[in-house]
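Okay, so here's the structure we're looking at.
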Amino acid sequence: MRIITYSLRNGVNSNEYYEAAEQTAAIVSEEGLRELAMELQAFKRYIRENNIEVLRSDVEYLMELLTLGVLLLRYSDDAVVLNQISKQVLTNLVEMRQKGGSLKPSADFLRGLLGTFVLYSEHRPELVSALQFNTKNFTKLLEWLTAAGEFSQEVKRLSSWLDYAKGLSDEESSELIASAVSFAIWFEEESLKHLGKYTEGLEAYLENVSETHRWRENLIFCSRQRLEYHLNMVGAEIMNKAYREDFIKTKRKAVFLPACIRKRIRGGCKAKEKKGVLYCASCDLGCQVREIKELGEQHGYEVLIIPHESSAFSDEKVPEGELGIIGIACVTNLLAGGWKAKSSGIPAQCVLLDYCGCKNHWDDEGFPTAINIERLKSIMLKSS
Ligand code: SF4
């Protein structure tokens, strides 16, 4: 195992990490629900009165408000200088990419070039702290996130907050956005204290990312900062609790695995492809997928390897209570993955990859990743 960005292991396993993440999530929930109680209740009233969606729990809306604060802190400096033409071209390229097919490689090539020029810059916190937090800059943030193409779920969730903020007076909306930012500033310090030891490797990685990923379409994805990793780590714990009851009640259950977890990642994997997903053929005794497949058989879970994010969920909504999943992913995909599953009618639980190593983003050759099997077992046991 090589640490590229993060590692949940303390040399032996990631048990200690999961304890730290649970404690941090409890601190963040308690502080956020107290500090932002009025903002959350007012937003829930707006959701209910305007029939926007089935009301979610307070902690789910708290995570959205925290995400807003974190993304404003992280990307406002780039968002306020993105011009209309670049924004439109990049947004069109993202749409072209999502359609897939033969145009995807060209769309990615152009996104790599243009994204490096106009989306990426060294982070400038001094510029962010000089900005006014108002609906105009909130709008610009969502436009930048849309143009970047990596934040579709975040944009979806935060759009309701923007609509809500636009209906408030200027003073009220500025106060709302400023409280999200203050909470994110508190969260940055608090999460670093509890989870920083698991993301230390990112500091060195990020120093070179603008060189190693220059002109590549995943430059923004690979440039995520420690604050964003910590947001996802805490978010995963909070969402696991929030979705647990619905997940337990589902009739069918499945584990979704990323392709990078296979032992024979560089060739020789005998998994069988069917409708865009892979089913393990148990060809290698030392492969963690094989172990997870056996666990799945014991606990009534189907185990699928998802080679591309696009094959994870179909566009059709799954009937409520039909399917629950345990999603396994690297840290930066957790919150968005949970939101995406929920919008497809699928309550999800997640287990983090202990470290990343896929060829698509992190390593030229790629090496097998792994999870904490005890953690997976405990989720399966609690639900069976
Ligand atoms: S055990 Fe399964 S996932 Fe692992 S390499 Fe063999 S077929 Fe592929």
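Out of residues 5 or more away from residue 4 or on other chains, whose amide H comes under 5 Å of its own, with H placed 1.01 Å from N in the peptide plane?
Residues meeting the criterion, in which the H sits 1.01 Å from N, are 356.
Net charge within 12 Å of residue 75 by Cβ-Cβ distance, Lys/Arg positive one each and Asp/Glu negative one each, not counting residue 75 itself?
So the environment of residue 75 carries a net charge of -2.
I'd like the Karplus ³J(HN,Hα) series for segment 78-90: coefficients 6.51, -1.76, 1.60, θ = phi - 60°, whole numbers in Hz, and an x wherever there's a Gly or Pro.
7, 5, 6, 9, 6, 7, 4, 5, 4, 4, 5, 4, 5
Considering only C-alpha atoms, what is the centroid distance from segment 337-363 to segment 179-200, in Å?
21 Å
Do you know the relative contact order of segment 123-238, to the nearest whole percent, from alpha carbon pairs under 8 angstrom that are 6+ apart?
After rounding, I find 23 percent.
Once a ≥ b ≥ c are taken as the square roots of the eigenvalues of the Cα gyration tensor of segment 15-233, is the result rounded (a/c under 1.5), prolate (a/b larger than b/c) or oblate (a/b not larger than b/c)?
Since a/c reaches 1.5 but b/c is at least a/b, the shape of segment 15-233 is classed as oblate.
Could you order peptides 189-198, 107-116, 66-75 by the average number of other Cβ atoms within 10 Å of their residues, highest first?
Result, highest mean Cβ count within 10 Å first: 66-75, 107-116, 189-198.
Calculate the dipole size of the chain relative to its Cα centre from +1 charges on Lys and Arg beta carbons and -1 charges on Asp and Glu beta carbons; express the result in debye to the nearest 20.
1640 debye
For the pair residue 113 and residue 37, how long in nm is the line joining their label points, each one 7 Å along Cα→Cβ?
My value for the distance between the label points is 5.6 nm.
Can you give me the long-range amide H partners of residue 349? Hydrogens built in the peptide plane at 1.01 Å from N, cutoff under 5 Å, separation of 5 or more residues or another chain.
Here 325, 326, 327 satisfy the definition.
Beyond 19 Å between alpha-carbons counts as too far, so tell me which of 136/166; 193/340; 156/241; 140/166; 104/342 fall in that bin.
Too far apart for the 19 Å limit: 193/340; 156/241; 104/342.
Would you kindly state how much longer the chain becomes between residue 10 and residue 84 on full extension, computed as 0.36 nm times their sequence separation minus their alpha carbon distance, in nm to one decimal?
Here the segment from residue 10 to residue 84 would lengthen by 22.0 nm.
Convert each backbone phi in segment 212-217 into a coupling constant with the Karplus relation 6.51 cos²θ - 1.76 cosθ + 1.60 (shift: θ = phi - 60°), then list the ³J(HN,Hα) values in order as whole Hz, x for Gly and Pro.
Karplus-based 3J(HN,Hα) across segment 212-217 equals 5, 10, 4, 6, 9, 5 Hz.
Kirkwood Rh, Cα Rg: Rg to Rh for the chain?
0.94
Averaging sequence separations of C-alpha pairs under 8 Å and six or more residues apart, then dividing by the length of the chain, give the relative contact order as a whole percent.
Relative contact order comes out at 20 percent.
Round to the nearest 10 and give me the degree value, 0 to 90, for the angle of helix 373-383's Cα axis relative to the longest principal axis of the chain.
80 degrees
Rank 247, 117, 183 by how far each Cα sits towards the positive end of the charge dipole of the chain (+1 on Lys, Arg Cβ; -1 on Asp, Glu Cβ) and give me just the farthest.
247
Hey, what angle do you get for helix 152-166 against the long axis of the chain, alpha-carbon based, 0 to 90 degrees rounded to 10?
20 degrees
What full-extension length gain, to one decimal in nm, is calculated for residue 136 and residue 360 as 0.36 nm per residue of separation minus the Cα-Cα distance?
Stretched out fully, the residue 136 to residue 360 stretch lengthens by 77.1 nm.
Ignoring ligands, DNA and RNA, what percent of the 1.4 Å accessible area of the chain is carbon and sulfur?
51 percent
Under 17 Å between alpha carbons, and skipping anything fewer than 8 positions from residue 359 in its own chain: which lysines qualify?
List returned: 263.
Could you order the peptides 351-364, 29-42 from most to least packed, using the average number of other C-beta atoms within 10 Å per residue?
351-364, 29-42
Looking only at the chain, where both bridge partners belong to it, what percent of the DSSP beta bridges are antiparallel (to the nearest 5)?
Beta bridges within the chain, antiparallel portion: roughly 25 percent.
Once phi is turned into ³J(HN,Hα) by the Karplus curve 6.51 cos²θ - 1.76 cosθ + 1.60 with θ = phi - 60°, what whole-Hz value does each residue of segment 227-239 show in order, with x for glycine and proline?
3J(HN,Hα) across segment 227-239, in whole Hz: 4, 6, 5, 5, 4, 5, 4, 5, x, 4, 5, 5, 5.
Work from the charge dipole of segment 264-378 (Cβ charges, +1 for Lys and Arg, -1 for Asp and Glu, about the Cα centre) and give the residue of 271, 360, 348 farthest towards its positive end.
Towards the positive end, the residue furthest out is 271.
Per-residue ellipticity at 222 nm for the chain, helices alone: DSSP H runs ≥ 4 residues times -39500 (n - 2.57), over residue total, nearest 500 deg cm²/dmol?
Calculated mean residue ellipticity at 222 nm is -19000 deg cm²/dmol.
Show me 163-176, 92-105, 219-232 ranked by packing, highest mean number of other Cβ atoms within 10 Å first.
219-232, 163-176, 92-105
Return a whole-number percent for the relative contact order of segment 170-282, with Cα pairs under 8 Å and 6 or more residues apart as the contact set.
The normalised contact order for segment 170-282 reaches 15 percent.
With +1 on each Lys and Arg Cβ and -1 on each Asp and Glu Cβ, how big is the dipole of segment 15-233 about its Cα centre, in debye rounded to the nearest 20?
980 debye
Describe numerically, in nm with one decimal, the distance between label points set 7 Å from Cα along Cα→Cβ at residue 51 and at residue 382.
3.6 nm
Full extension from residue 208 to residue 374: what is 0.36 nm times the residue separation minus their Cα-Cα distance, to one decimal in nm?
Full extension from residue 208 to residue 374 adds 56.3 nm.
The values are calculated or read from the model by the stated rules, or taken from the named source; none is laboratory data. None of these values were measured; they are calculated from a predicted model. Every residue, glycine as well, gets a Cβ built from its backbone with ideal geometry; the counts of neighbours run over all protein chains shown. Each accessible area value is taken on the protein alone, full model and side chains, heavy atoms only, with ligands, DNA and RNA left out. Shrake-Rupley method; radii C 1.70, N 1.55, O 1.52, S 1.80 Å.
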